[in-house]
1. For THR93 and SER153, what is the calculated FRET efficiency with R₀ set at 35 Å and r taken between the beta-carbons, to the nearest 0.05?
2. Leaving out ligands and nucleic acids, and using a 1.4 Å probe, what accessible area per residue does the stretch 164-220 come to in Å²?
3. Place a point 7 Å from the Cα of GLU192 along the Cα-to-Cβ direction; which residues of the stretch 76-112 have their backbone N under 17 Å from it?
4. What does the helix-only formula give at 222 nm for the chain: each DSSP H stretch with n ≥ 4 adding -39500 (n - 2.57), the total divided by the residues, and the result rounded to the nearest 500 deg cm²/dmol?
5. Net charge within 9 Å of VAL138 by Cβ-Cβ distance, Lys/Arg positive one each and Asp/Glu negative one each, not counting VAL138 itself?
6. If you count only protein heavy atoms with a 1.4 Å probe, what accessible area per residue comes out for the stretch 40-148, rounded to a whole Å²?
7. How big is the chain by Rg and Dmax over its Cα atoms, in Å?
8. Can you work out D for the stretch 1-45 in µm² s⁻¹ from Stokes-Einstein, where Rh is the Kirkwood radius over C-alpha pairs, the temperature is 25 °C and the viscosity is 0.890 mPa s?
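The values are calculated or read from the model by the stated rules, or taken from the named source; none is laboratory data. Just so we're clear, the structure is a prediction, and the values are computed from it rather than from any experiment. Cβ placement follows ideal geometry from the backbone for every residue including glycine, while neighbour counts extend to all protein chains displayed. Surface areas here come from the heavy atoms of the whole protein model, side chains and all, with no ligands, DNA or RNA. Shrake-Rupley method; radii C 1.70, N 1.55, O 1.52, S 1.80 Å.
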Amino acid sequence: MDNPSKIIEGGVEYSLGTFDGQNVYYDFDKVLIYLNAKGKLLFSNKFKIYDEDTKVILKLCHYFIKDKENCRKNGIDPDKGVLLSGPIGCGKTSLMKLLKYLVPLQPPYLIAPCRNVVFGFNHLGYKTIEDFGDSGAVCFDDLGVEPLGSHYSRDCNVMGEVLLSRYELYLKTKSKIKTHATTNLNAEELEERYGSRVRSRMRELFNLIPFDKNTNDKRK
């Protein structure tokens, strides 16, 4: 059996911890070294893991490696997806793109910018909602700031409809197909954007993992 505690990137082998033949025992310091290296390969040499973000990253790691004990301590339900919230530029999208590489044996999820989902609806109509509502694991990026959809002059809150469909998929598959998202909005703003019904479904779909509201903009 392959050793899932070791990952090779760019010809370099990274250890994430130890493997006893059945279970991986992760070492968070080693995980951070790997994520920092993988981030540079994915994005640019300017990428770095900031000390101020390690608490959020640790929670995300506990979720993705399915560390049930630490998930329980942090109020995280491994059967739900992740809603990663925080200020503009805090690194939400980069982390969701990065964390899916931490456990290569798990099925990857698609990163879908919400504005692109709306553009797809504008072009193809309700087939877009059907496609995204009944597909594999997806992370919807920048939820809540996408424009209103319009197809043949029929307006539609596209992501609201997609989220309702994803909730039905979540129930149908007994939580096996996950939905993730990133957002700059808080709970009240999301409810204002999508309504109380969608907000209620989001509580059942997602674990909320927030950055501190004063987190620095890494793009500056």
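1. Values: r = 32 Å, r/R0 = 0.92.
Efficiency, rounded to the nearest 0.05: 0.60.
2. Values: 3410 Å² over 57 residues.
Here the residues of the stretch 164-220 average 60 Å² of exposed surface.
3. 86-88
4. Details: 9 runs with 92 residues, N = 220.
Result for the chain: -12500 deg cm²/dmol, rounded to the nearest 500.
5. On the way: positive: ARG166, LYS178; negative: none.
That sum, taken over residues with Cβ under 9 Å, equals +2.
6. Working: 5630 Å² over 109 residues.
For the stretch 40-148, the solvent-accessible area averages 52 Å² per residue.
7. In Å, with Rg to one decimal and Dmax whole: 18.0, 59.
8. Working: Rh = 11.0 Å.
Stokes-Einstein gives a translational diffusion coefficient of 223 µm²/s.
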